[in-house]
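The values are calculated or read from the model by the stated rules, or taken from the named source; none is laboratory data. Owing to the predicted nature of the structure, the values given are computational and were not obtained by experimental measurement. Heads up, the Cβs are rebuilt from the backbone with ideal geometry, glycines too, and the neighbour counts pull from every protein chain shown.
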Amino acid sequence: MKNADETRPVDPFFEQVYAVVARIPPGQVMAYGQIARVLGFPRSARQVGRAMRHCPDGLPWQRVVMANGDITGGVYAPLRRAMLEQEGVYFLPDGRVDMARCRWQGKPEDTENK
DNA sequence: CCATTGACGAAGA
DNA sequence: TTCTTCGCCAATG
């Protein structure tokens, strides 16, 4: 049994989004469009954001930010920023995430052995 | 079925 | 570099 009893319909796209987000290592972040691209839907950045809006507990939703490094989440945006800061994410003086240094490639292909 | 909205992103001014 | 506009795509009214 999987979700027959669950009143929540499981969308493959949503599940994939959650899977990728769960793989983001501490100190690194990913953009909505970047996640969509990894899943094979480079035009569905907004749908990724829609999935994050319904993000389940246990998911590092704080590591998902905008492509320009801006943080979403409304009133919780500053909270997310503090959590990322605690993980070692670099920030710009403007309060945005330093994507140039913290953007996760999504595919670690031999990070040490280059 | 059409109009509006949205945790996006790139391009233009 | 900041602000505005347009395009994408699905959900909602």
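Quick look at the numbers
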quantity: Conditions (1) in contact (Cβ under 8 Å) with a residue 60 or more places away in the chain; (2) within 16 Å of DNA strand C (Cβ to nearest atom); (3) not aromatic (Phe, Trp, Tyr): number failed by A:Gly106; calculated: (2)
quantity: Hits in region A:83-103 - residues which are part of a helix (DSSP H, G or I) and surrounded by fewer than 17 Cβ atoms within 10 Å (Cβ to Cβ); calculated: A:Met83, A:Glu85, A:Gln86, A:Glu87, A:Ala100, A:Arg101
quantity: Every pair of residues 6+ apart whose Cβ atoms lie under 6 Å, when the first sits in region A:27-53 and is modelled with pLDDT of 95 or more while the second is among the hydrophobic types (A, V, I, L, M, F, W, C) and surrounded by fewer than 16 Cβ atoms within 10 Å (Cβ to Cβ); calculated: A:Ala31/A:Ala67; A:Gly33/A:Ala67
quantity: Which numbered condition A:Phe91 misses (of (1) more than 18 Å from A:Val20 (Cα to Cα); (2) at pLDDT below 95); calculated: (2)
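Residue by residue, here is whether (1) in contact with a helix residue (DSSP H, G or I) (Cβ under 7 Å, 6 or more places away or on another chain); (2) within 26 Å of A:Asp94 (Cα to Cα); (3) near DNA strand B (Cβ under 6 Å from one of its atoms) holds:
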{"position": "A:Pro42", "(1), (2), (3)": "yes, no, no"}
{"position": "A:Val48", "(1), (2), (3)": "yes, yes, no"}
{"position": "A:Met52", "(1), (2), (3)": "yes, yes, yes"}
{"position": "A:Gln62", "(1), (2), (3)": "yes, yes, no"}
{"position": "A:Ala67", "(1), (2), (3)": "yes, yes, yes"}
{"position": "A:Ile71", "(1), (2), (3)": "yes, yes, no"}
